[in-house]
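Chemist: One structure is given below, represented as structure tokens, and several questions about it will come after.
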Amino acid sequence: MKMMKKALTKTRMIAGMLVVTTSPAFGVLTFNEDMEQYATNTVIVTGSPTTIPGSTWFFQHFGSPNLPPNLPTATVIADPTGAGHGNVLAYINPFPISGHSRATSLDALGAAPSQTLVVNFDLYTVPHGNTSDQIHHTIETLSRLTATDALIDGDVAEYAVNEGTGYVQRATFNLGEWYHVTETAYGPTSADGPAQTFDVRITREFDGSVVLDTTGLAWRNSQNDVQATKFGSIGTSNFEIYIDNLTLNNEIPGPPNPGVTVASTNVVVADTRGVSFQSESDKTYRLQSTPDLVSTNFSDTGAIAIGDGGGMTLFDPAGTSASKNYRVRQN
């Protein structure tokens with residue numbers, strides 16, 4: 001099976017199956033980091049460039065005394081969780097030294113301010129056995145808090161949102177598991193949603209279950225636009241989290257493109273039936289099937305790939321069956 005890794009594409013092994021997944025077709029991508037572009041042990045520092053021109057990592061740490069060895073760090077490592085994420089960003093704010101604060105912030109700066117900002121990232125919190133294991137997560141302009149002020153508390157295992165009068169618990173999650181977080185902030189003149197509100201959706205990676213799906217939360221502060229997302233500590237809080245697949249988009253997805261059917265051929269690879277076709281570079285391909293040989297009602301099997309201009313083969317994740325009709329749709 002020939003596959004080319006592209007932006008917004010992730011290949012991983014789940015229960016012995018090779019699965020290719022892609023993110024939805026959001027608007028202009030202004031920041032994109034799946035961490036695979038970096039060698040392990042790469043340290044993210046202020047001004048680190050990204051795959052998108054004009055986008056930048058900003059890493060800051062401060063406190064007293066601001067000396068090694070207990071400085072906060074943001075380092076690319078091989079995924080230690082066994083979840084098949086490849087490289088991930090390990091972001092650690094260590095225990096304070098003699099009670100001194102160890103504040104730190106890691107910003108993902110998009111290419112330009114926008115009236116809508118969609119932030120996606122995978123998150124894994126590492127328990128420390130310390131109830132002050134907390135991290136703030138915000139959506140903002142370059143340096144000013146704009147929309148969200150969420151508190152991810154690792155050892156209490158909650159996601160709380162500051163709604164003006166304090167933090168309100170919105171969801172709880174399991175320690176030591178990967179979750180996918182999507183936050184959408186709508187500016188004062190956004191055409192995508194209610195002005196100066198934001199939506200949050202959190203799903204559990206292991207089974208896709210929804211942990212939180214809420215809309216219409218009010219912005220904490222009234223700024224003019226959104227441009228960045230920030231992870232950071234407060235006071236003497238310490239934490240360790242892993243981040244992967246962090247993207248910023250400047251508008252929400254439009255209606256899904258139904259695509260067109262491409263010519264394909266049933267093949268057998270290593271005693272497993274598959275569907276082969278000729279791809280075009282950067283096109284999205286979805287394998288669809290009918291429930292039997294008579295029906296013309298095709299539905300997605302979940303097998304997706306990004307074309308690289310060569311021949312490709314897709315396999316039904318449920319097991320390719322001789323009692324189904326298959327087709328490949330191109331978007």
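The values are calculated or read from the model by the stated rules, or taken from the named source; none is laboratory data. These numbers were taken from a predicted model, which means no experiment stands behind them. Positions of Cβ are backbone-derived with ideal geometry, glycine not excepted, and every protein chain shown enters the neighbour counts.
Chemist: Kindly indicate whether N266 is within 30 Å of R327 (Cα to Cα), part of a strand (DSSP E or B) and modelled with pLDDT of 85 or more.
Modeler: So N266 does not fit the description; no.
Chemist: Then there is this: Just checking: which of the strands (runs of 3 or more DSSP E) contained wholly in the range 74-151 hold 1 or more residues that are closer than 19 Å to Q60 by Cα and either within 15 Å of the chain's Cα centre (by Cα) or at pLDDT below 85 (or both)?
Modeler: In the range 74-151, the matching strands (runs of 3 or more DSSP E) lie at 87-93, 102-114, 134-140.
Chemist: Filter the range 181-222 down to residues that are touching a residue at least 40 places away in the same chain (Cβ under 8 Å) and touching a Gly at 6+ places or on another chain (Cβ under 8 Å) and give me whichever is surrounded by the most Cβ atoms within 10 Å (Cβ to Cβ).
Modeler: Per the stated criteria, the residue is T184.
Chemist: Does D155 count as touching a Gly at 6+ places or on another chain (Cβ under 9 Å), of a type in the set (D, E) and at pLDDT below 80?
Modeler: Spelling it out, D155 is indeed touching a Gly at 6+ places or on another chain (Cβ under 9 Å), of a type in the set (D, E) and at pLDDT below 80.
Chemist: Given the options A191, A195, name the one that is in contact with a Pro (Cβ under 6 Å, 6 or more places away or on another chain) and assigned to a loop (DSSP other than H, G, I, E, B).
Modeler: Sole residue among the options that is in contact with a Pro (Cβ under 6 Å, 6 or more places away or on another chain) and assigned to a loop (DSSP other than H, G, I, E, B): A195.
Chemist: Please state which of the following conditions I304 fails to meet, knowing it meets all the rest: (1) surrounded by 13 or more Cβ atoms within 10 Å (Cβ to Cβ); (2) outside any strand (DSSP E or B).
Modeler: (2)
Chemist: Go through the range 193-229 and give me each residue that's acidic (D, E) and under 28 Å from F58 (Cα atoms).
Modeler: The first filter runs over the range 193-229 and keeps only residues acidic (D, E), leaving 199, 205, 207, 213, 225.
Residues satisfying the conditions are D199, E205, D225.
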